[in-house]
Structures are given as C-alpha cells and as structure tokens.
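The values are calculated or read from the model by the stated rules, or taken from the named source; none is laboratory data. In this text the structure is predicted, and so the values were computed from the model without any measurement. Positions of Cβ are backbone-derived with ideal geometry, glycine not excepted, and every protein chain shown enters the neighbour counts. All accessible areas refer to the heavy atoms of the entire protein, side chains included, with ligands and DNA or RNA removed. Shrake-Rupley method; radii C 1.70, N 1.55, O 1.52, S 1.80 Å.
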Amino acid sequence: RHGKGVFTGPGGQGVYDGDWSNGKREGEGKLYYNEEKTVYYEGGWKANMRSGKGTAVYPSGNTYIGDWGFNRKNGEGVMTWVDRNESYSGAWVDDKQDGYGVHVWQDTAGIVPGDTT
C-alpha cells in the first residue's frame, strides 16, 4: 500500500482511511475502531503510530485533542472526560499529565492550575 486508500482489517475489525507509505499508515488518516464509526483516531501517523496533531474519541465518549508521539499523548492537549464531567488542558508525556496544566471539575466548579509533576 502506498498513497491514499482504505483498508479494512480481518473480520471488519478496524477501518483505516488515509495516507500510506510502504505499507504503513503515514501522513494523515482516520482509523475507526468499531462498525458504528463512533470510536476513532483522526490525525497524523508515522510508521503506523499516532503522531503529530490528532483527535481520539473513546468508547466512553471521552475525547483527547492534541499532540501525539509514539502512539501516546505527548505534548499539549485537552482531554475531556464526559463520564466524569471534567477536563484537563496542558502538557502530556507518555499518556500522563505532566508539567503545567489546568484541570477542571465541572460538578464542583473547581479549577486547579498548576504543575502536575
């Protein structure tokens, strides 16, 4: 696979629509994780890994919009937990809040800016 195209995994598991380079997801694309296409990642890819700017929508409805590296949240981004009615906007390293950020708990109207390290 090389260029633009759509790939459907075995048994319909996962559908990728986007850029390819030498058989790997590379560039921009969207990977759907379920048949309903409600769970997905859309954004940058490098060597089959989420990389650069992207958006993830999880089965719970939670979302992450921001920077990715090596298939993990890395850089600046916003995670919204709809099931907990809270959000975090700030720095991420290896899928964890790290550095400066703002966490908002909307049920209690609590806003806690600061260093998460």
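Extension gain, ASP95 to LYS24: 0.36 nm times the residue separation minus the Cα-Cα distance gives 23.3 nm.
Here is the list for the range 1-106: trypsin sites (Lys or Arg not before Pro) lying in DSSP coil, each with at most 15 other C-beta atoms within 10 angstrom of its C-beta, are ARG1, LYS37, ARG84.
Distant-in-sequence amide contacts of VAL39, defined by a placed amide H-H separation under 5 Å and a gap of 5 or more residues or a different chain, comprise TYR33, ASN34.
Just give me a number: lysine pairs in the chain, eight or more positions apart or cross-chain, with C-alpha atoms less than 15 Å apart. For the chain, qualifying lysine pairs total 9. Using a simple spin-label model with pseudo-atoms 7 Å out from Cα toward Cβ, TRP105 and ALA47 lie 4.1 nm apart. Amide H contacts under 5 Å for ARG25: ASN48, restricted to partners 5 or more places along the chain or on a different chain, H placed in the peptide plane at 1.01 Å from N. Computed on protein heavy atoms with a 1.4 Å probe, the accessible areas place HIS103, HIS2 in the order HIS2, HIS103, largest first. If only the Cβ of Lys and Arg carry +1 and only the Cβ of Asp and Glu carry -1, the dipole of the chain around its Cα centre is close to 480 debye. Once the Cα-Cα distance is subtracted from the 0.36 nm per residue extended length, the ASN85 to THR63 segment shows a gain of 6.7 nm.
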